[in-house]
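Colleague: Would you mind keeping the following structure in view while I ask a few things?
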Amino acid sequence: MNKDNCFQLGHIAKVHGLHGEVGVVLDVDYPEDYEDLKHVFVEQKSRLVPFFLEHFIVSHGNKVLAKFEDFDTVEDAEKLVGSALFLPLSELEPLKEDQYYYHELIGFEVIDESLGKIGEVKVIYDLETQDLLGVDHKGKEVLIPIQDQIIQKVDKAVKKVYCHLPTGLLEIYLED
């Protein structure tokens, strides 16, 4: 499986108990949608390897208790801690027309209501504190926060992101 055809579901945070279970933190809006998973892809040495699950139980919020087949000891489970979990893009829930997944925005053109064309979305930064669009503007990367007061509208049909940038945001990135 290729990472380009997948989305990151979450990561393995810690070992849980003595029988190979792990604590997983999900990076999704609706963790309960994934409770009956039978398999995931685990990133190991920059490759995605399929792993079959004995159970994948959402405990509270975005926390999950998971048990992989043939991982029966603390030592087995420790080898997985820190690994990212992935699923194919085809397993994402379909969205309403006015909704979007962040990965869909790559390649979209960003248009500011006052400044006009800013540039193309090259990357999405999914950080703990804030999600950001990495946009190529005049050969420099500009980071635009993904917030309702900044991102006004996304038009998937024409591949455009309409926004209202805070005053001075672009200038910060254009200074030498």
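Colleague: Return the pair list, or none, for Cβ contacts closer than 7 Å from residues in segment 24-48 that are more than 10 Å from Leu9 (Cβ to Cβ) to residues that are of a type in the set (Asp, Glu), at least 6 apart or on different chains.
Modeller: Every condition considered, the pairs that remain are Asp33/Glu93.
Colleague: Gly17 - would you say it is assigned by TED's automatic domain parsing to the domain that holds Val135 and either without any contact (Cβ under 8 Å) to a residue 12 or more places away in the chain or at positive phi (or both)?
Modeller: No.
Colleague: Filter segment 143-176 down to residues that are exposed (fewer than 13 other Cβ atoms within 10 Å of the Cβ), closer than 19 Å to Gln99 by Cβ and not small (Gly, Ala, Ser), then give me how many there are.
Modeller: Adding up the residues that qualify gives 5.
Colleague: I'm trying to understand the selection: among the residues of segment 55-70, which are in contact with a Gly (Cβ under 9 Å, 6 or more places away or on another chain) and over 16 Å from Ala13 (Cα atoms)?
Modeller: Scanning segment 55-70 gives a single hit, Asp70.
Colleague: Let me ask you something else. List the strands (runs of 3 or more DSSP E) that sit entirely inside segment 69-176 and contain at least 2 residues that are under 19 Å from the mean Cα position of the chain (by Cα), under 26 Å from Asp29 (Cα atoms) and in the same structural domain as His55 (by TED's automatic domain parsing).
Modeller: 84-88
Colleague: As an exercise: evaluate Gly82 against (1) surrounded by fewer than 13 Cβ atoms within 10 Å (Cβ to Cβ); (2) in contact with a Ser or Thr (Cβ under 6 Å, 6 or more places away or on another chain) and give the number of the one condition it does not meet.
Modeller: (2)
Colleague: Which of the following residues is surrounded by fewer than 13 Cβ atoms within 10 Å (Cβ to Cβ) and either in contact (Cβ under 8 Å) with a residue 24 or more places away in the chain or on the phi < 0 side of the Ramachandran plot (or both): Phe56, Phe52, Phe68, Phe7?
Modeller: Phe52
The values are calculated or read from the model by the stated rules, or taken from the named source; none is laboratory data. This is a predicted model, so every value here is computed, not measured. Counting neighbours? That spans all protein chains shown, and the Cβs are built from the backbone with ideal geometry, glycine included.
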